[in-house]
Amino acid sequence: MRFSKLLPGFSLVELLMAIAIVGVLAGLVIVAINPTKQMADARNTQRKFDVHSILNAFGQFSVDSGGVFQPKKVDGVLLIAGCTVGLTPKNLCKPTTQHGTDPGMCGDPNILCIFSRHLTGAYIANVPHDPWDAEDTIVEQATVDYLVSSQAPGRFRVDAPSAEGGASINAMR
């Protein structure tokens with residue numbers, strides 16, 4: 001028994017052509033959207049927010065403490081020079097980084113980060129981390145990858161050195 005009547009429908013060639021066209025269009029849309037650039041822009045936006053949050057926290061502390069950016073003493077001990085804001089930009093410590101010169105502390109010669117525990121709570125909920133912070137080394141475990149410096153008395157600067165796409169993210173007050 002033979003069927004002489006053709007069944008309605010699409011041929012295999014027509015289906016493959018439609019799938020190929022949809023694939024090409026999807027590829028063009030993905031290239032046009034560029035998700036890698038979109039993610040980098042999102043991380044840079046977060047960095048801008050973080051830089052201003054850190055700057056505002058130090059500024060509010062300064063207003064409350066008579067113009068100084070950091071406490072003179074931490075737990076009854078004078079603030080170590082390696083943990084203070086100066087002309088040379090240094091990484092900002094995580095609030096959990098202890099004050100001292102032992103390994104992993106803010107005064108550790110391998111770390112030398114700006115003490116920040118005095119900011120958490122009253123001035124900022126938590127010191128923000130860079131969105132691309134890997135935390136592979138002891139330095140990265142003690143710091144948040146934002147640089148802090150003071151170019152002149154009363155002037156304070158925060159930089160995001162990990163900005164992507166050639167962007168320069170910083171703020172000064």
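The values are calculated or read from the model by the stated rules, or taken from the named source; none is laboratory data. Just so we're clear, the structure is a prediction, and the values are computed from it rather than from any experiment. Reconstructed Cβ throughout: ideal geometry from the backbone, glycine too, with neighbour counts over all protein chains shown.
When Asp108, Asp130, Asp136 are checked against the criterion of being under 30 Å from Gln38 (Cα atoms), free of Cβ contacts under 8 Å to residues at least 40 places away in the same chain and in a loop (DSSP other than H, G, I, E, B), a single residue qualifies: Asp136. From the set of residues in the stretch 68-77 that are surrounded by 10 or more Cβ atoms within 10 Å (Cβ to Cβ) and of a type in the set (A, V, I, L, M), which is nearest to Ala142 (Cα to Cα)? Selected residue: Val74. Taking the stated definitions as given, is Asn170 outside any loop (DSSP other than H, G, I, E, B) and either closer than 15 Å to His52 by Cβ or at pLDDT below 90 (or both)? Yes, satisfied.
In the set Ile80, Ile33, only one residue is surrounded by 10 or more Cβ atoms within 10 Å (Cβ to Cβ) and either more than 24 Å from Phe156 (Cα to Cα) or touching a residue at least 40 places away in the same chain (Cβ under 8 Å) (or both); that residue is Ile33. For the stretch 46-97, the set of residues classified as aliphatic (A, V, I, L, M), in a helix (DSSP H, G or I) and out of contact with any strand residue (DSSP E or B) (no Cβ under 9 Å at 6 or more places or on another chain) consists of Val63, Ala81, listed by residue number. Here Thr101 clears all of (1) modelled with pLDDT of 90 or more; (2) out of contact with any helix residue (DSSP H, G or I) (no Cβ under 9 Å at 6 or more places or on another chain) except the condition numbered (2).
Candidates in the stretch 132-153 are the residues that are at pLDDT 85 or above and among the hydroxyl-bearing types (Ser, Thr, Tyr); of these, the one that is surrounded by the fewest Cβ atoms within 10 Å (Cβ to Cβ) is Ser149.
Of all residues in the stretch 154-173, those being closer than 21 Å to Pro71 by Cβ and either surrounded by fewer than 18 Cβ atoms within 10 Å (Cβ to Cβ) or of a type outside the set (Phe, Trp, Tyr) (or both) number 5. Filtering the stretch 38-67 to residues that are surrounded by 14 or more Cβ atoms within 10 Å (Cβ to Cβ) and either basic (Lys, Arg) or without any contact (Cβ under 8 Å) to a residue 12 or more places away in the chain (or both) leaves Arg43, Arg47, Lys48. Cβ-Cβ below 6 Å, separation at least six or inter-chain, first residue in the stretch 150-164 and in contact (Cβ under 8 Å) with a residue 24 or more places away in the chain and polar (S, T, N, Q), second in a loop (DSSP other than H, G, I, E, B) and surrounded by 18 or more Cβ atoms within 10 Å (Cβ to Cβ): which pairs? Every condition considered, the pairs that remain are Ser150/Val85; Ser162/Asp130.
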